[in-house]
Structures are given as structure tokens and as C-alpha cells.
1. Only helical DSSP H runs with n ≥ 4 go in: add -39500 (n - 2.57) per run for the chain, normalise by residue count and round the 222 nm mean residue ellipticity to 500 deg cm²/dmol.
2. From the backbone phi of the range 184-193, what are the Karplus-calculated ³J(HN,Hα) couplings (6.51 cos²θ - 1.76 cosθ + 1.60, θ = phi - 60°) in whole Hz, Gly and Pro given as x?
3. How big is the convex hull of the Cα atoms of the chain, per residue, in Å³?
4. For the chain, take the longest principal axis of its alpha carbons; what is the angle in degrees between that and the long axis of helix 439-450, to the nearest 10 within 0 to 90?
5. For the range 60-130, how big is the tail of P(r) above 20 Å, as a whole percent of Cα pairs?
6. In the chain, carbon and sulfur make up what percent of the accessible area (probe 1.4 Å)?
7. My understanding is that a pair violates if its Cα-Cα distance is over 29 Å; which of Lys311/Lys331; Lys368/Lys404; Lys47/Lys226; Lys23/Lys329; Lys69/Lys226; Lys159/Lys241 do that in this structure?
8. Report the accessible area of His61, computed with a 1.4 Å probe over the heavy atoms of all protein chains in place, in Å² rounded to the nearest 10.
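The values are calculated or read from the model by the stated rules, or taken from the named source; none is laboratory data. A quick note: this is a predicted structure, and the numbers were derived from the prediction, not measured. Here the Cβ is made from the backbone with ideal geometry for all residues, glycine too, and neighbour counts use every protein chain on show. SASA here: full protein model, heavy atoms, side chains in, ligands and nucleic acids out. Shrake-Rupley method; radii C 1.70, N 1.55, O 1.52, S 1.80 Å.
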Amino acid sequence: MENLVALSIEEMTGLNYMCSCGKNHSVGIETIKVGNGVITKLPTVIKNYEGKKVFIIEDTHTYDVAGKKVEELLNNKFNVSKYIFTEEHLHPNELTLGRLLLEIPGDTSLIIAVGSGTINDISRFLSYKLGIPYVIVGTAPSMDGFASVVSPLIHDGVKVTYDAVYPLAIVCDIAIMKHAPMQMLQAGLGDILGKYTALADWHVANILNGEYFCSEVEKLVMSTLKKCEEAAAGVTSREAKTVENITEALILSGIAIGMVGASRPASGGEHYISHCFEMIFMNSGNNSKWLHGNTVGVGVGIVAYAYKYAKDIDINEVVKKGDYLHLDKNKWIQNIKDVFTISATNIIEFKQDSINFDEKERKDSMQKILTKWSDIIKICDVFVPEPTEIINTLKKAGAVWNPKDLGFSKEIFRKSFIAAKDMRNRYGILQLLEDIGKLDDAADYITNIYYK
Ligand SMILES: [Zn+2]
Ligand SMILES: [Zn+2]
């Protein structure tokens, strides 16, 4: 596809083509509407369901800002029923899902999720399980799950990602979204900035491990990312154009994941850091006020510093010294225990087999890294902005940027930086630094910048 970048988000629906990357990319969403006042188009968007049963899922807040209007618009021609969650902190767990199964009327033809975040995740999963299509009416540009095909749910207290389905349609009225709580707007921006380091990590995995890569999707994500970065100053004044750019980028992020069939274009080291922070909050019983995108935003600056650090490494010196040959397993385990406490055992079990503790294996891995080192440096140079640039963008939007402000002590931050990558089994700059024996040094370097 020559002009992927030139397509508007609304034009991306129904896309289906063979890409130069060798994969067929398709977007199975019928309609996307983003703009001022687009909520009034909802009856037309779902015209095929006229006269049928439509079930609205919302919470008290999203009912006030959008649900009421949705009902007004649909009441004449559709058979509308609804469930309004009243919980202050709604969790996507068994209880929430069970409640919806009890409330949804038989013969429902269409589900309408009014909200962002949990309302979305749970509606998407319900839609998938029941085989009833669903439509999203967004209320806040805070997360990139609008066009997602998976649902992160909490099962027996553990976050698990479940298969789900694309929405039939996404309707994001900017006149509504721009009045979302400020922290949600900032979180949306943070999640989008995360694409910088996600894309860079994807490149690294491609260069070193030959992992599948699509440069068209990469360009697409990069172009929307730049638009958001430029518009960041309009976050605090809730400028419509800024909110629109962020909303479109968040939708596109999900589309990009669907196109390549992996979360690579949307999530990398910055997300592992964010997940790690979230897990620390959860394990400490601290019902943190920070949203996913807020911690991702902080993570992007941190991982950008990791790239900056990597760029200045004299790899031949590292090889000559040979320190990289030894990775102390006990120290590795202890660090994970210090960070993840009650969840540590699971993480250690999950990760230990894919870490090279063996000298011979570490030597082989270094040989591979050596042959690709100049390509890796190029990624650091070309794809990752100066960390201060990212931090300034966050500051311009009034968003949190320093792990200190998330409440982490210097010591726990340093350990988290080292342990974050162990939550997943995917290659990126953080794993690379460990493979060359430089993760500890990088942790010192970065910790001293944030905690000076
Ligand atoms: Zn492709
Ligand atoms: Zn994210």
C-alpha cells in the first residue's frame, strides 16, 4: 500500500491488502467517526439494528457525559436497555462480567459500550463470548484499547490478556472527549509517546533476532505520533485539535496491532516499566491514582535514557573486559523478589529459562550482538529522540514525568528498572543491556539523572 500514511483514520476501515512485509493486513472495523459532534451520527452508524434490542454498558460518570445523549438519540428507533455501573473503581474481573451476563436481555443484537478503559475491555470480551457485535462511544482519550482485539481482564486476581474482537464501530466525539479529566488526557499522550521506544525495541528485535517487522506500519504509527507530539502543548487548554490527534493516534495504535498481529508497534520497554510500576502499586495494596498512560509516559523517558546510554557504549571495550560473561543468578532472583514481592515466584519461573546464565551462551549472544552493533546504534540515533525532548513534551502537557513523583524511592526505582523486562519475554533495549552486562551500570546512570 503506497499511501497508508495519507489515509485518514475514518478511511482505514475495511482495509485489506497484501503488504510489502509479506503479510496481509486487514482492519475489520466497519466505521470510525472522530470529530466534533459525531455522536449524533450514531443512529446512522448502527442503522442496520433499527427495531432491534440494543444494550448500553456504562458507568454513572459516562452516563452523564455521553450515555444520556446516546439514549436520547436511539430511543425512537431502537429497543434500548442499559446497565449503569455505580462502582468508583470498576475492575474488569469475574464480578463485573457476571453482572453483565445477568443484566443483558436475551436476544440483544448489539452492545454499546459508553466509556473508555474498563467499560471497553469488559464489553469487548462480553461481545466476543456472546457473539454479539459491539460499538464503542468513547468518553476519554486515555488508552489505546479502542481498536483492540484483546481484553486485559483480572482472573483470580491476576491480569490476563484474553482474545476478544474488534468493535463494529468506534465513535469518538471530541466535544465530549476534550472534557475528560485532565489526567486522562495526559495519560493518552503518555501512551502515544510510548510508541517511540516501542518501535525502537521492535527494530532491535528485528535486527538481532530476525523478528517479523513491517516498515509501513512503523511509518504509520510514527506519523501519528509526531502529530501528537507537536500538539502536546494544547493538552492543558483542552484544544480540540490536540484531543483529536491523541484520539486518532490511540485508535490507530490498536489498528496497527491488529494489522501485524502483535503488540510490537505499540508496546516495548516503556510498557514493561509501566507494568512493573503498576504491579508494585497493586502488590502494596496502594490504590494508585495513576493511570496506565501516566506510567507509560514516565517509562518512555526512562527507556529513551537507556537508548542514549547504549549509544555511548564502547562495545569492543566491553568484550575485552569480559564482565558480561557472568550474570549472577542469585542476584537476579533477589532483585526480582525485592521488586515484585508476592508475585516474584511466578515471574522467576516464567523468565529464568530464557535468560542466559551460561558463559558459553553469553559469549555466543555477544558475537551476534557484535556483528549487528552498528545497526543497533543507528536505531538509538534515528528512532529515539533525546530523553529531555520526551520529558519536555510531557511537561508541556502538565503530565507526570519523574518516577519520583509516582512515589518510588531511589532504591526501588533502580531495582525496578533492572527487573521490568523480566515481566515479559520479548527482546528490546533492556534485555540487550543485560546481555552485554551493562544493565546495572545503565540503572545507575538513569537513577542518578532522575534522583539527583
Ligand atoms: Zn506490512
Ligand atoms: Zn499502553
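1. Calculated at 222 nm, the ellipticity per residue is -16000 deg cm²/dmol.
2. 6, 4, 5, 5, x, 4, x, 5, 5, 4
3. Value for the chain: 134 Å³ per residue.
4. Roughly 60 degrees, rounded to the nearest 10.
5. That fraction is 28 percent.
6. Result for the chain: 49 percent of the exposed heavy-atom area is carbon or sulfur.
7. Exceeds cut-off: Lys368/Lys404; Lys47/Lys226; Lys23/Lys329; Lys69/Lys226; Lys159/Lys241.
8. For His61, solvent-accessible area is about 100 Å².
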